[in-house]
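Participant: This is the structure, below, for whatever I ask next.
Taken together, the values in this text are just the output of simple stated rules run on the coordinates, not laboratory data. Worth saying up front: this structure is predicted, and the values here are computed from it rather than measured. Neighbour counts are summed over all protein chains in view; Cβ atoms, including those assigned to glycine, are modelled from backbone coordinates with ideal geometry.
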There are 2 protein chains.
Amino acid sequence: MTVTSATPALDELRARLADINALTMARDVLSWDQSTHMPSSGARDRGRHMSVLNRLSHELFVSERTGELLAQADEETAGLPGDHIDSQLLAVVGRDYRRYTKVPPAFLERVSLHTSRTFHEWQQARPADDFARLRPLLEQTVELSREFSSYYTGIAHPADPLIDLADEGFTVATLRPLFARLRAGLVPLVEAVVDRDDSIPSPFQQFFAPDAQLEVGLELAQRFGYDLSRGRLDLAAHPFATSFGVDDVRITTRVDPHDLTQSLFSTLHETGHALYELGVDPRLSGTSLAQGASSGVHESQSRLWENLVGRSRAYWEWAGPFLAQRFPDQLGGVSVDAMYRAVNRVKRSLIRTDADELTYNLHVIVRFELALELLEGSLAVVDLPDAWRDRYQSYLGVAPTDDRDGVLQDIHWFAGMIGGSFQGYTIGNVLSVQIFEAAERALGPLDARFAAGDFGDLERWLRTELYRYGRRLEPLDLVERVTGSAMTVEPYLAYLRRKYGELHGA
Amino acid sequence: MTVTSATPALDELRARLADINALTMARDVLSWDQSTHMPSSGARDRGRHMSVLNRLSHELFVSERTGELLAQADEETAGLPGDHIDSQLLAVVGRDYRRYTKVPPAFLERVSLHTSRTFHEWQQARPADDFARLRPLLEQTVELSREFSSYYTGIAHPADPLIDLADEGFTVATLRPLFARLRAGLVPLVEAVVDRDDSIPSPFQQFFAPDAQLEVGLELAQRFGYDLSRGRLDLAAHPFATSFGVDDVRITTRVDPHDLTQSLFSTLHETGHALYELGVDPRLSGTSLAQGASSGVHESQSRLWENLVGRSRAYWEWAGPFLAQRFPDQLGGVSVDAMYRAVNRVKRSLIRTDADELTYNLHVIVRFELALELLEGSLAVVDLPDAWRDRYQSYLGVAPTDDRDGVLQDIHWFAGMIGGSFQGYTIGNVLSVQIFEAAERALGPLDARFAAGDFGDLERWLRTELYRYGRRLEPLDLVERVTGSAMTVEPYLAYLRRKYGELHGA
């Protein structure tokens, strides 16, 4: 007996998406291995293997057959309600298909070659503090980013299609005023509390054995709900979380033997990303919907667990004694208050990834603004290093003396196009507070639970209200649904003013 | 300026092979990860991802376009000598293409489904000692193996195409008399020396800390020439070596805290496989020629390093003091002779993978003979467990009381077709001595070098004479070229008689 499917096109489309998913997951396993365990000489072949997997999955996705199947599957499912999982699958895959087929393959090939070359040069030029060497390449990157945007019609700003790739629905027009209000609130707040505790030595800046740091980090992650039958922790130079399916989501961290906070907060941050991916509805498994909704929404979860939980007074009521028990020699006599203050110091700094909770967004806003100006043509690449210094001086009160810790600092502009790679960090910070407050509206105040080491209610609420949807809902709709409002910076600023005001009596 | 290639078809074929290679390497990374680091719940998705990669690479290889390119590339390179690397590439790829396109894709799909199901059942049935549950599946496996052979014409025995897949050029007609002579030589030799040292406790059966075992194993591997910038060692339940390109060849081992020899010889064995893969000419990189020539030739190198070197008296002159220094508490007062005798005990045993050097091939020959009889129809699956017991009793003087340690012992018959999966182990043992003797003919006696911990001359000779060829030469031609003769069991038997005669005055 042959069973005839009522939705043959949808079935074939799903099978095709599962093949694409397998290629993508394989590439991600190769990438994880490259960052964690691969012997050094494996790099050359590995780059080639990953680029083949990328190309094959891209070709499979943008082929005409995918377009035909999408059209037929739309007809097959015309009677379904809009919030049916199949309708949402077709909506998301359709949007992706239209987005990726707008741009000619030959252009993408040029971007790929240019990106490889630029990344390779950056790896040499950054340690050598040699911006001049990268200048012509960066000029081409700006040109390519503009050309990318030119394939999209009806856009208001050349950065919009680039932003949309990572943070669908957001535009320069919506982000610029939000970020301006945020900056206006942050600059005086930073000024009021910066460097306050500088004279007190941090209890975390002592020797902590690397193995013990990893072990303790993993215990803290598990306390948040991270399940080692579905994940693991490894060392990596630049920590990340990565998903190989809804039942295998791994995190990495870095360890500084003389600063416990490096591994501690990297681990909590990546655990937040991982809890999101682990919480996705298993029915989305094997499709492009089995991942976070967007860059910014993903970052909201890493930041929520890292900062709203992990840097809260209530958390330290529990984590302080826990760490003192694990590290009695270093932390035995240290008060919870001293630990809490130590993990919430505000410092003027040059390096984004080392920045504290309060100054972090100013690092992002500098990059966001400069990228827009490059794309608009109001800033020339040759003037970028000085513009970077000026902007840092003006927003953060400090400026790099070289380009290594200035414009060459981050990989982003040297490993892809320019204009869509930084906004997600600040969107995430802003959303983290809106989402956390929504959780407390639903669950009541969480402080007492955190102080008892109980994070289960929060994790379950986030899973139910946010994580399980994966990419079923568009980011803006998801935010509206979870928080009851659009994205807005005021709750975030109020949270920061409250927290740092209490800390420093400001 | 456009550069026009003189060999456009060969270039396109090479690009296609590189894509297939990337898919294969990716699958192997996924498989390595599954056996070493993957969290337990990752298994389901992982199986799907690997099967997609298998299918896509197979489809790419057997497509008509590959056949067209092969034909055109043959014309393009018609003027090249037969030992040119391009001619050899086309010869090997052409053979593989004809071999894989002989069998209908629908049949392979059936085998794949049957294999998955059988493997799944075996995982339950072996611990439960439940042969009855597997009997109907195994009967189908025999049928499928026969059907596989039926797609090949002009073959003398149904096992021949199966043997040829793993050990090209070998047939039942050539192997049966060789194995019969080997068995005739081994059975009385085993009888003469078995269980001789049973009353002396082995110095290696004490507690050795697992981490220290791994560390020491890695030092021994490096001493053989294994380079950690191009490899690494991990734990796995069933040790293996795997290559992700000529610059990333990894080994795994298992550790028994109460028996140092488990990790020691697993590590040396896999190091032999790895040295072979690491020695392949980098010009073969990204093609299907960048691997060992055959199953048997590969095994000859794991066995050469494990047994001809690692179980030799000369090796223990060096390794004994080295290990005594690393494990002073356990091995401090133990003589080199006691260690050498302990790693060369001959015992009647039921488990192939635990067998000593002398009895090992009898385990293999039992399986080889029974598989041929199943395919010939002279043995029915229902009678297999008893036939197993009879054969063990007759060749090894011991027989299992259950099927768990009998016919259900190895994964091979329950994870693929029957008839081509065991001969390589014994071919490898036999060849290891022929190749080792060729090395000593070229380099002079190696004992003094081994006793000084110097293995560089041997590794270089093997690399130059054997490893670098990868699959450029057919196994039989390669053996002839390296050893100066065809495969023959007499040198191997003479080596065993000499070694075990000296050990036991037999």
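Participant: Taking the condition among the aliphatic types (A, V, I, L, M), over 19 Å from the mean Cα position of the chain (by Cα) and in a loop (DSSP other than H, G, I, E, B), does B:A192 pass? Let's see the steps before the verdict.
Facilitator: Working: among the aliphatic types (A, V, I, L, M): yes; over 19 Å from the mean Cα position of the chain (by Cα): yes; in a loop (DSSP other than H, G, I, E, B): no.
Here the answer is no, as B:A192 does not meet what is asked.
Participant: Follow-up. Which is within 27 Å of A:D198 (Cβ to Cβ) and among the small types (G, A, S), of A:A371, A:A380, A:A324?
Facilitator: A:A324
Participant: Looking at the range B:356-379, which of its residues are under 15 Å from B:Y395 (Cβ atoms) and assigned to a loop (DSSP other than H, G, I, E, B)?
Facilitator: B:D356, B:L358, B:T359
Participant: Among the candidates B:G225, B:G217, single out the residue that is crowded, with 23+ Cβ neighbours inside 10 Å and either farther than 18 Å from B:F327 by Cα or away from chain A (no Cβ under 13 Å) (or both).
Facilitator: That would be B:G217, the only listed residue that is crowded, with 23+ Cβ neighbours inside 10 Å and either farther than 18 Å from B:F327 by Cα or away from chain A (no Cβ under 13 Å) (or both).
Participant: Of all the residues that make up the range B:118-154, how many are assigned to a loop (DSSP other than H, G, I, E, B), touching a helix residue (DSSP H, G or I) at 6+ places or on another chain (Cβ under 6 Å) and free of Cβ contacts under 8 Å to residues at least 40 places away in the same chain?
Facilitator: Of the residues in the range B:118-154, 0 are assigned to a loop (DSSP other than H, G, I, E, B), touching a helix residue (DSSP H, G or I) at 6+ places or on another chain (Cβ under 6 Å) and free of Cβ contacts under 8 Å to residues at least 40 places away in the same chain.
Participant: Any idea which residue in the range B:327-355 is surrounded by the most Cβ atoms within 10 Å (Cβ to Cβ), counting only those that are of a type in the set (A, V, I, L, M), over 27 Å from B:Y395 (Cβ atoms) and out of contact with any Gly (no Cβ under 7 Å at 6 or more places or on another chain)?
Facilitator: B:L331
Participant: Which one of these is without any contact (Cβ under 8 Å) to a residue 40 or more places away in the chain, out of contact with any His (no Cβ under 7 Å at 6 or more places or on another chain), among the charged types (D, E, K, R) and part of a helix (DSSP H, G or I): B:R99, B:R48?
Facilitator: Selected residue: B:R48, the only one of B:R99, B:R48 that is without any contact (Cβ under 8 Å) to a residue 40 or more places away in the chain, out of contact with any His (no Cβ under 7 Å at 6 or more places or on another chain), among the charged types (D, E, K, R) and part of a helix (DSSP H, G or I).
Participant: Among the residues of the range A:8-25, is any free of Cβ contacts under 8 Å to residues at least 60 places away in the same chain, within 10 Å of another protein chain (Cβ to nearest Cβ) and not in a helix (DSSP H, G or I)?
Facilitator: no
To keep it simple, each residue is scored yes or no on (1) surrounded by fewer than 20 Cβ atoms within 10 Å (Cβ to Cβ); (2) more than 30 Å from B:S87 (Cβ to Cβ); (3) in contact (Cβ under 8 Å) with a residue 24 or more places away in the chain; (4) within 20 Å of the chain's Cα centre (by Cα).
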{"position": "B:A442", "(1), (2), (3), (4)": "yes, no, no, no"}
{"position": "B:A451", "(1), (2), (3), (4)": "yes, yes, yes, no"}
{"position": "B:D457", "(1), (2), (3), (4)": "yes, yes, no, no"}
{"position": "B:E474", "(1), (2), (3), (4)": "yes, no, yes, yes"}
{"position": "B:V482", "(1), (2), (3), (4)": "no, no, yes, yes"}
{"position": "B:M487", "(1), (2), (3), (4)": "no, no, yes, yes"}
{"position": "B:P491", "(1), (2), (3), (4)": "no, yes, yes, no"}
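Participant: I'm trying to understand the selection: among the residues of the range A:236-288, which are part of a helix (DSSP H, G or I), within 14 Å of chain B (Cβ to nearest Cβ) and either hydrophobic (A, V, I, L, M, F, W, C) or buried (at least 23 other Cβ atoms within 10 Å of the Cβ) (or both)? Before you say what the answer is, go through the steps one by one.
Facilitator: At the first step, the residues of the range A:236-288 found to be part of a helix (DSSP H, G or I) are A:260-278, A:282-284.
Still in the list and also within 14 Å of chain B (Cβ to nearest Cβ): A:274, A:277-278, A:282-284.
The answer is A:A274, A:E277, A:L278, A:L284.
Participant: Which members of the range B:26-44 meet the condition of being at the interface with chain A (Cβ under 7 Å from one of its Cβ atoms) and either within 23 Å of A:A43 (Cβ to Cβ) or touching a helix residue (DSSP H, G or I) at 6+ places or on another chain (Cβ under 7 Å) (or both)?
Facilitator: Answer for the range B:26-44, where residues must be at the interface with chain A (Cβ under 7 Å from one of its Cβ atoms) and either within 23 Å of A:A43 (Cβ to Cβ) or touching a helix residue (DSSP H, G or I) at 6+ places or on another chain (Cβ under 7 Å) (or both): B:A26, B:V29, B:L30, B:D33, B:H37, B:M38.
Participant: I'd like to verify a number: residues in the range A:155-174 that are in a loop (DSSP other than H, G, I, E, B) and touching a residue at least 24 places away in the same chain (Cβ under 8 Å), how many?
Facilitator: 7
Participant: Out of all the residues in the range B:175-202, which are without any contact (Cβ under 8 Å) to a residue 24 or more places away in the chain and either closer than 27 Å to B:A380 by Cβ or among the aliphatic types (A, V, I, L, M) (or both)?
Facilitator: Matches in the range B:175-202: B:P177, B:A180, B:A184.
Participant: Among the residues of the range A:459-472, write down those that are over 26 Å from A:D96 (Cα atoms) and without any contact (Cβ under 8 Å) to a residue 40 or more places away in the chain.
Facilitator: Result: A:R460, A:W461.
Participant: Here is a follow-up. Among the residues of the range B:93-135, how many are within 29 Å of B:S294 (Cβ to Cβ), of a type in the set (A, V, I, L, M, F, W, C) and touching a Gly at 6+ places or on another chain (Cβ under 9 Å)?
Facilitator: Looking only at that region, the number is 2.
Participant: For the range A:53-77, what are the residues that are of a type in the set (D, E, K, R), within 14 Å of chain B (Cβ to nearest Cβ) and buried (at least 17 other Cβ atoms within 10 Å of the Cβ)?
Facilitator: A:R55
Participant: What's the number of the only condition in (1) within 14 Å of chain A (Cβ to nearest Cβ); (2) within 20 Å of B:G456 (Cβ to Cβ) that B:P321 fails to meet?
Facilitator: For B:P321, the exception is condition (1).
Participant: So, A:M50, is that one within 23 Å of A:P239 (Cα to Cα), facing another protein chain (nearest Cβ under 7 Å) and out of contact with any Gly (no Cβ under 9 Å at 6 or more places or on another chain) or not? Before the answer, list the steps.
Facilitator: Working: within 23 Å of A:P239 (Cα to Cα): yes; facing another protein chain (nearest Cβ under 7 Å): no; out of contact with any Gly (no Cβ under 9 Å at 6 or more places or on another chain): yes.
Against the criterion (within 23 Å of A:P239 (Cα to Cα), facing another protein chain (nearest Cβ under 7 Å) and out of contact with any Gly (no Cβ under 9 Å at 6 or more places or on another chain)), A:M50 does not qualify.
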